[in-house]
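Okay, structure first, notes after.
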Amino acid sequence: MTERKASVTRNTLETQITVTVNLDGSGKADFNTGVPFLEHMLDQIARHGMMDIAVDAKGDLHIDAHHTVEDIGITLGQAVAKAVGDKKGILRYGHAYVPLDEALSRVVVDFSGRPGLVFQVPFTRAMIGTFDVDLFHEFFQGFINHALVTLHVDNLRGENAHHQAETVFKAFGRALRMALSADPAMAGITPSTKGVL
């Protein structure tokens, strides 16, 4: 498999973001976003996905974190899509169940070439510290729209909202890692009867 790295910059009137990924990294993370809890979650993707992720973001945080979180999701999705390339030889599908104490989440991903999101996470509170949990949906919607993946995110149980969020992001990282892994039986082959993804 060729080197799977990419860097994408997105500049709007609301945010200026650069994301760099190495899909075959070692879990290194470097974040400067101004949104500490999101950084904690992005670290879970890097560590459990065994990919290197760097995010430098400046956004209109004087309003709120909405645009910054959504646009980081968009830019990360663009970077992953660019890095994965034609998808030949990958498993394509990935899934993971991850527990953390009382919380348990399941994430399933398909590098289908089609954006689709099912997000069933009944957070037990609206805020985790100063972070609005509604923004997680915006992050994943931005990601799937630009990575062109189908993503099912289900928190199966949980009482602590921090635990709920952390299990989601750990499972997301592990599901990505599986889907992006090489499938020896599909070496050089696109994993689709269409012949293209």
Which residue pairs have Cβ atoms under 9 Å apart, sit 6 or more places apart or on different chains, and have a first residue in region 49-73 that is free of Cβ contacts under 8 Å to residues at least 40 places away in the same chain and surrounded by 20 or more Cβ atoms within 10 Å (Cβ to Cβ) and a second that is in a helix (DSSP H, G or I) and among the hydroxyl-bearing types (Ser, Thr, Tyr)?
VAL55/THR75
Qualifying positions in region 153-169 - buried (at least 24 other Cβ atoms within 10 Å of the Cβ) and either within 11 Å of the chain's Cα centre (by Cα) or of a type outside the set (S, T, N, Q) (or both)
GLY158, ALA165, VAL168, PHE169
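Yes/no matrix, rows are residues, columns are (1) over 11 Å from ARG106 (Cβ atoms); (2) in contact with an Asp or Glu (Cβ under 8 Å, 6 or more places away or on another chain); (3) of a type in the set (D, E, K, R):
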residue	(1), (2), (3)
GLN120	no, yes, no
PHE123	yes, no, no
MET127	yes, no, no
ASP132	yes, yes, yes
GLY142	yes, yes, no
LEU156	no, no, no
GLU159	yes, yes, yes
HIS163	yes, yes, no
PHE169	yes, no, no
Any idea which of (1) outside any loop (DSSP other than H, G, I, E, B); (2) more than 23 Å from LEU180 (Cα to Cα) is the one VAL109 doesn't satisfy?
(2)
Members of region 124-143 found to be surrounded by 16 or more Cβ atoms within 10 Å (Cβ to Cβ) and more than 18 Å from HIS67 (Cβ to Cβ), listed by number:
ILE128
Given (1) in contact with a Ser or Thr (Cβ under 8 Å, 6 or more places away or on another chain); (2) in a helix (DSSP H, G or I), number of the condition GLU166 does not satisfy:
(1)
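Mind counting the residues in region 49-61 that are part of a strand (DSSP E or B) and either out of contact with any His (no Cβ under 6 Å at 6 or more places or on another chain) or on the phi > 0 side of the Ramachandran plot (or both)?
Going through region 49-61, the residues part of a strand (DSSP E or B) turn out to be 52-59.
Within this subset, residues satisfying the condition of being either out of contact with any His (no Cβ under 6 Å at 6 or more places or on another chain) or on the phi > 0 side of the Ramachandran plot (or both) are 52-58.
Looking only at that region, the number is 7.
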By residue number, the members of region 1-48 that are assigned to a loop (DSSP other than H, G, I, E, B), touching a residue at least 24 places away in the same chain (Cβ under 8 Å) and hydrophobic (A, V, I, L, M, F, W, C) are MET1, LEU23, VAL35
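A short reminder: the numbers here are calculations on the coordinates, not readings from a lab. Bear in mind that the values here come from a model prediction, so they are computed numbers and not experimental data. Here Cβ is always computed from backbone atoms with ideal geometry, including for glycine, and neighbour counts include all displayed protein chains.
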